[in-house]
1. Which residue is surrounded by the most Cβ atoms within 10 Å (Cβ to Cβ), if the candidates are limited to segment 1-35 and must be polar (S, T, N, Q) and part of a strand (DSSP E or B)?
2. Among what's in segment 66-104 and is part of a loop (DSSP other than H, G, I, E, B) and among the hydrophobic types (A, V, I, L, M, F, W, C), pick the residue that is nearest to I229 (Cα to Cα).
3. Test R221 against the stated conditions and say whether it is surrounded by 23 or more Cβ atoms within 10 Å (Cβ to Cβ), charged (D, E, K, R) and touching a helix residue (DSSP H, G or I) at 6+ places or on another chain (Cβ under 9 Å).
4. Which numbered condition in (1) in contact (Cβ under 8 Å) with a residue 40 or more places away in the chain; (2) part of a loop (DSSP other than H, G, I, E, B); (3) out of contact with any Leu (no Cβ under 9 Å at 6 or more places or on another chain) is the only one that S49 fails?
5. Mind listing just one residue for me: the one in segment 181-211 that is in contact with a helix residue (DSSP H, G or I) (Cβ under 7 Å, 6 or more places away or on another chain) and of a type in the set (K, R) and, of those, nearest to Y169 (Cα to Cα)?
6. Of all residues in segment 105-125 being in a loop (DSSP other than H, G, I, E, B) and at pLDDT 90 or above, which is nearest to F187 (Cα to Cα)?
7. Condition test on P38, is it in contact with a helix residue (DSSP H, G or I) (Cβ under 7 Å, 6 or more places away or on another chain), assigned to a loop (DSSP other than H, G, I, E, B) and under 30 Å from S174 (Cβ atoms)?
Amino acid sequence: MSETLLELRDVHKSFRRGLRQRVAALQGVDLQVSADRPQIITIAGESGSGKSTLGLLALGFLAADGGEVRFRGQELRRLRGASLREFRRSVQAIFQNPFAAFNPFYPVDHILRLTLRNFARNFADEGTQALETADRQRSPVRGRTEMDAAIDEALRALRLDPAAVLGKYPHQLSGGQLQRVMLARAFLLRPRLIIADEPVSMIDASLRAVVLGNMWELKERYGISQLYITHDLSTARQISDTILILYRGRIVEIGAMDRVLDDPQHPYTQLLIQAIPRPDPAQRWQVPLDWQRDDQDVEARDTESGCAFYARCSQRMDRCLAAVPPLLATPADTRAACYLYEGEGVPAS
C-alpha cells in the first residue's frame with residue numbers, strides 16, 4: 001500500500017469580509033501527495049479560486065476551518081517537537097516574488113547559511129532519532145567547511161555558478177537567478193515536497209524555461225515532489241504529471257495533465273482552456289467566450305448547496321442546484337465534478 005506524505009481531507013477555509021460576511025476560499029477539498037512516487041501536481045484556476053489558500057494550508061501557515069491536513073498520517077495541528085521540525089524540513093515553500101524573499105542588506109548566501117544553521121541547531125538536541133527516517137539522505141550540516149560544500153552542491157544542482165552568486169546582493173542578480181537561489185535554499189534541506197506558488201510569473205519569459213527545467217530535474221533526479229500553483233496552463237503542461245482544477249474553492253476536475261488539457265470534461269475546464277491564446281496569427285486572441293449567462297435571477301441564486309459553476313454553465317440542469325456534484329469518472333479517464341457523467345460509473349474515490 002502506498003504511503004501518503006501529505007494529505008488534505010475535506011478541507012474548508014473561509015475568510016471574513018466586513019463585520020458579518022464570510023467568503024469561502026476552499027470547500028471540501030481532498031488532495032494526496034504520495035511518499036513513494038515523486039510527482040508534480042499542478043493546482044490551477046482563475047484568480048480567487050483558492051489556489052494560494054490551498055498552498056498555505058498545506059504549509060501549515062493557515063489553519064483549516066474544517067477537515068484535516070495530515071503529514072505522514074498525523075494531523076498537522078497536533079505536530080510538536082521533532083515531528084513538527086521534520087515537517088518544516090520536509091515541506092518547503094517557494095513564493096511568487098523572489099525579490100521579497102531576500103533582505104537587501106545581506107548577500108544572498110546569508111539566507112543559505114541561515115537555513116543550514118537553523119536546522120542544525122533545531123536537530124542538535126534531538127540526537128539521531130529525528131533523522132533516522134527511510135527517506136533522509138543526509139543529516140543537517142554543522143561545520144563551516146561542510147556548510148560551504150553543501151551550498152556549493154545545491155547551487156550547482158540548480159545550474160548556478162557559485163562564483164557568480166555567492167557574495168552578491170539581491171539587486172545584483174536577476175529575478176530568475178534569485179528564484180533559483182530560493183530553490184537551492186529549499187534543496188539544501190533535501191525536502192520531500194516543495195510547494196511553489198506562481199514561481200515563474202515574475203520572471204522574464206527567457207528564464208521561465210530554465211526555472212521550470214530546474215523544478216523538473218528536482219523531481220526526476222532527486223525525487224522531490226512539488227505542488228505547482230499557477231494560472232498558466234502552458235507552463236503547467238511542460239512539467240506536471242497531474243493537474244487539479246479549482247473553481248470557487250471546489251475541485252471541478254482532476255487527472256493526468258495531458259488527458260485534462262487535451263480532452264477537458266468539465267464545462268469550466270473547457271472554457272478555461274478555450275481562453276488560452278493560440279500561436280496562430282489567423283486566429284483572434286479575444287475570442288468571445290460564454291463565461292456568463294444573461295439570466296440575472298440565476299446569477300443571484302445561492303448555489304452553495306449545488307454546483308458553483310451553475311450560473312455560467314451552458315449545460316446546466318435543475319439537478320445541479322440540488323447538491324454539490326461529486327467527482328465522477330469520465331470517458332477521458334479523469335474525474336470531473338459534473339452530473340453529465342453520472343452514468344459513467346460510481347463516484348471516484
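The values are calculated or read from the model by the stated rules, or taken from the named source; none is laboratory data. From a predicted model like this one, the values you see are computed outputs, not experimental measurements. Reconstructed Cβ throughout: ideal geometry from the backbone, glycine too, with neighbour counts over all protein chains shown.
1. As a first pass, look at segment 1-35 and keep what is polar (S, T, N, Q): 2, 4, 14, 21, 27, 32, 34.
Subset that is part of a strand (DSSP E or B): 4, 14, 21, 27, 32, 34.
On the way: T4: 15, S14: 16, Q21: 9, Q27: 21, Q32: 14, S34: 15.
My answer is Q27.
2. Applying the first criterion (part of a loop (DSSP other than H, G, I, E, B)) to segment 66-104 yields 72-73, 79-80, 95-97, 102-104.
Now narrow it down to the ones that are among the hydrophobic types (A, V, I, L, M, F, W, C): 79, 95, 102.
Details: L79: 25, F95: 10, F102: 21 Å.
Ranking the qualifying residues of segment 66-104, first place goes to F95.
3. No; evaluated as a whole, the condition is false for this residue.
4. The failed condition is (3).
5. Across segment 181-211, the extreme among qualifying residues is R185.
6. Residues of segment 105-125 in a loop (DSSP other than H, G, I, E, B): 105-108, 125.
With the extra rule that they be at pLDDT 90 or above, the set shrinks to 105-108.
On the way: F105: 24, Y106: 21, P107: 19, V108: 15 Å.
Selected residue: V108.
7. On the way: in contact with a helix residue (DSSP H, G or I) (Cβ under 7 Å, 6 or more places away or on another chain): yes; assigned to a loop (DSSP other than H, G, I, E, B): yes; under 30 Å from S174 (Cβ atoms): yes.
Taking the combined requirement at face value, the residue satisfies it.
Okay, residues lined up against (1) farther than 30 Å from R70 by Cβ; (2) among the aliphatic types (A, V, I, L, M); (3) crowded, with 21+ Cβ neighbours inside 10 Å; (4) without any contact (Cβ under 8 Å) to a residue 60 or more places away in the chain:
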residue	(1), (2), (3), (4)
T145	yes, no, no, yes
A163	yes, yes, no, yes
Y169	yes, no, no, no
Q177	yes, no, yes, yes
L183	no, yes, yes, no
L193	no, yes, yes, no
V200	no, yes, yes, yes
I203	yes, yes, yes, no
R208	yes, no, no, yes
